[in-house]
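Visitor: Right, I'll just put the structure down here and ask away after.
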Amino acid sequence: MNILCIETSAALCSVAVIKEDQQFYLESELTMAHSEVLMGLVMDCLDKAGCKMNDLNAIALSGGPGSYTGLRIGCSSVKGLCFGLNIPLIVIDTLKIIANAAKKKTTDYTQYWAMIDARRMEVYHAVFDQNLNQITQTVSAILSDEDFKPNNLFGQVILCGDGAPKSTNILNLPDANVVANAESMCDLARQAYLNSEFKELAYFEPFYLKQANITVSKS
């Protein structure tokens, strides 16, 4: 089993290669430079794993929500690779990746409340249980809204993701200090591959949740 994992929804672009029971990981040192560094990271990580493109059995992509531009870059790159190599596409929900990263760091919590910073006081968020089952719908919300907090939280809850730091004081909850990255995709991608959970290449689009905020010229 050789699977390439690509995460472009976060500020730092990252890739990982699953080679049988091993995994190899690299991330960019530059923020929001996905178009510049992605393919270089892919080739370097494959070299690190001792793999070639033709050795890959599947490619896993972080499917959103997250950075609109980052998701588009990741999607277009992965679709091109999958089409060219004639291998399947695996898509992992970005908030689930974040929850998985938090669970790997600490198993002391009942629920993992994953959050992505959507700028200002807005976040994209969802809650996962200890088995990474999603128990709330993925939504965008303003932290100051009265109905922001889900009504089915229970037990020990921890915040995680890059939206957590601005939420921890408001919600009076701890922060796991993790973000989405390709390393935290590996076990999820491996399980999806074994279950043949593949996406249709021709029709797949990332889960943007919200469209890009494009300013229209007044002239």
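Visitor: Nearest 5 is fine: what % of DSSP beta bridges in the chain come out antiparallel, could you say?
Guide: The antiparallel fraction comes to roughly 65 percent.
Visitor: Contact order normalised by length for the range 76-190, with contacts defined as Cα pairs under 8 Å and 6 or more residues apart; what percent is it? Can you show the working numbers first?
Guide: Details: 200 pairs, mean separation 33.2, N = 115.
Reported as a whole number, the value is 29 percent.
Visitor: Rounded to the nearest 500, what is the chain's calculated 222 nm mean residue ellipticity when only DSSP H runs of at least 4 contribute -39500 (n - 2.57) each, over all residues?
Guide: Details: 5 runs with 59 residues, N = 219.
Dividing the helical sum by the residues of the chain leaves -8500 deg cm²/dmol.
Visitor: Compare the Cα positions of Val15, Tyr124, Asn195 along the charge dipole of the chain (+1 at Cβ of Lys, Arg; -1 at Cβ of Asp, Glu; about the Cα centre) and return the one farthest towards the positive end.
Guide: Projecting each Cα onto the dipole axis, the largest value belongs to Tyr124.
Visitor: What distance in nm separates the two pseudo spin-label positions at Asp44 and Thr31, each 7 Å out from Cα along the beta-carbon direction?
Guide: 1.9 nm
Visitor: What does DSSP give for the range 95-171 in terms of the percent of beta bridges that are antiparallel, rounded to the nearest 5? Could you put the intermediate results ahead of the total?
Guide: Values: 12 of 16 bridges.
Antiparallel: roughly 75 percent of the beta bridges in the range 95-171.
Visitor: Find the relative contact order for the chain and round it to a whole percent, using C-alpha pairs within less than 8 Å whose residues are 6+ positions apart. Mind dumping the intermediate values first?
Guide: Numbers: 467 pairs, mean separation 50.8, N = 219.
Computed over the chain, the figure is 23 percent.
Visitor: Another question, if that's okay. Along the charge dipole of the range 79-219, which of Asn133, Leu89, Val157 sits closest to the positive end, that is, farthest toward it, with unit charges on the beta carbon of Lys, Arg, Asp and Glu (+1, +1, -1, -1)?
Guide: Farthest along the dipole direction, towards plus: Leu89.
Visitor: Turning to a different aspect of this structure: Which value, in debye to the nearest 20, describes the size of the charge dipole of the chain about its Cα centre when Lys and Arg Cβ atoms bear +1, Asp and Glu Cβ atoms bear -1, and nothing else is charged?
Guide: On the way: 17 positive and 24 negative charges, 66 e Å.
I would put it at about 320 debye.
Visitor: About the Cα centre of the range 95-171, what is the dipole size in debye to 20, counting +1 per Lys and Arg Cβ and -1 per Asp and Glu Cβ, all else neutral?
Guide: On the way: 8 positive and 8 negative charges, 60 e Å.
Roughly 300 debye, rounded to the nearest 20.
Visitor: Hey, which of these cross-link pairs are over 24 Å Cα-Cα: Lys96/Lys149; Lys105/Lys199; Lys96/Lys166; Lys104/Lys166? Mind dumping the intermediate values first?
Guide: Numbers: Lys96/Lys149 18 Å; Lys105/Lys199 29 Å; Lys96/Lys166 20 Å; Lys104/Lys166 22 Å.
Flagged as over cut-off: Lys105/Lys199.
Where a number appears in this text, it was derived from the coordinates with a stated rule and is not lab data. Quick caveat: nothing in here was measured; it's all calculated off a predicted structure. When we count neighbours, we look across all protein chains shown, and the Cβ atoms used for this are built from the backbone with ideal geometry, even at glycine.
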